[in-house]
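The values are calculated or read from the model by the stated rules, or taken from the named source; none is laboratory data. Nothing here was measured: the structure is a model prediction, and the numbers come from that model. Quick reminder, even Gly has a Cβ in these numbers, built from the backbone with ideal geometry, and neighbours come from all protein chains shown.
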Amino acid sequence: MTTYVLICFIVFLAGFTQGLSGFGSILLSLPLLTIFLDIKTVIPLVALMAFFITVILFVQLRKHLDWKKIYPLFIGAAPGIPLGVYFLKKLDKDIIQWILGVTLVAYSLYSLFFRSSYKPMRTAWGYLFGFLSGCLGGALSAAGPPVIVYTSLQNWSKDTIKVTLQGFFLVSGVIVIFFQALNGLTTALVIRYFLVSLPFLVLGTLTGSLFYGKIPEEHYKKLILLLLAFLGCFMIYRAA
């Protein structure tokens, strides 16, 4: 019983975080859930959670979607996802989380305190960032960081950034879930945990979305960078 209560609480926080910022549900819930659940159960569980959150947010912001901003990320992610899933059972996840955590913290601090302006990245970079996201999505169900960095470097509105993230997460999430199920990772226990926590997932996402509407445009990118730094520190702590 205690396990289900903890899962529901963490799922609510994950939904709130992504509803507020457009990302973070996996990077928040993954290290917390692994405290009392097996990593091989957590990874497919958070993939299902993140996909459901993404569907809700995508529907809310679909009118701001521009597929031309997303397709380079899709194309890059396609070969990365199966590669990440293949190495899921072989990689040292602590090393990956440590490197990713340090990278996120360094990027966030640099952007917050030293970068005075943002020069939009060329579309070609989207293929590389998409590939890196695909690899992380397949291996850790955490495709977000590279794409979040890519969108934060563009001169886009907060709605465009958020819906671009959801569009990418929607398609990549389907692919990740498919390959995880194909490899026998999406078990009956995973489905049970997901269904029990689903109402809390919806509640957290809608609550976060409500607060998102109150964030001024000029403060949104700072919020993204602060959350990236926090999540980076969390990943370093879990990997240490």
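Take the residues of the range 207-224 that are out of contact with any helix residue (DSSP H, G or I) (no Cβ under 6 Å at 6 or more places or on another chain) and more than 21 Å from residue 154 (Cα to Cα): which is modelled with the highest pLDDT?
210
Within the range 173-214, how many residues turn out to be buried (at least 16 other Cβ atoms within 10 Å of the Cβ), hydroxyl-bearing (Ser, Thr, Tyr) and not in a helix (DSSP H, G or I)?
1
Could you check the range 53-69 and list, in sequence order, the residues that are closer than 24 Å to residue 206 by Cβ and in contact (Cβ under 8 Å) with a residue 60 or more places away in the chain?
The initial filter retains those residues of the range 53-69 that are closer than 24 Å to residue 206 by Cβ, namely 53-65.
Matches in the range 53-69: 53, 54, 55, 56, 57, 58, 60, 61, 62, 64, 65.
For the range 1-44, which positions are closer than 25 Å to residue 62 by Cβ and of a type in the set (Val, Ile, Thr)?
11, 17, 26
Would you pick out the residues in the range 21-52 that are touching a residue at least 60 places away in the same chain (Cβ under 8 Å), closer than 14 Å to residue 208 by Cβ and surrounded by 24 or more Cβ atoms within 10 Å (Cβ to Cβ)?
Correct list: 21, 22, 23, 24, 49, 50.
I'd like the residue in the range 75-99 that is surrounded by 20 or more Cβ atoms within 10 Å (Cβ to Cβ) and at pLDDT 80 or above and, out of all such residues, is farthest from residue 162 (Cα to Cα).
Selected residue: 80.
Is it the case that some residue within the range 146-163 is of a type outside the set (A, V, I, L, M, F, W, C), over 18 Å from residue 229 (Cβ atoms) and at pLDDT below 80?
To start, the set of residues in the range 146-163 that are of a type outside the set (A, V, I, L, M, F, W, C) comprises 146, 150-152, 154-155, 157-160, 162.
Those left that are additionally over 18 Å from residue 229 (Cβ atoms): 154-155, 157-160, 162.
Filter once more, keeping what is at pLDDT below 80: none.
Among the residues of the range 146-163, not one is of a type outside the set (A, V, I, L, M, F, W, C), over 18 Å from residue 229 (Cβ atoms) and at pLDDT below 80, which makes the answer no.
Scan the range 1-56 for residues that are basic (Lys, Arg) and modelled with pLDDT of 85 or more and jot them down. If you could, list the steps in order and put the result at the bottom.
Our first condition is that a residue be basic (Lys, Arg); within the range 1-56, this holds for 40.
The answer is none; no residue qualifies.
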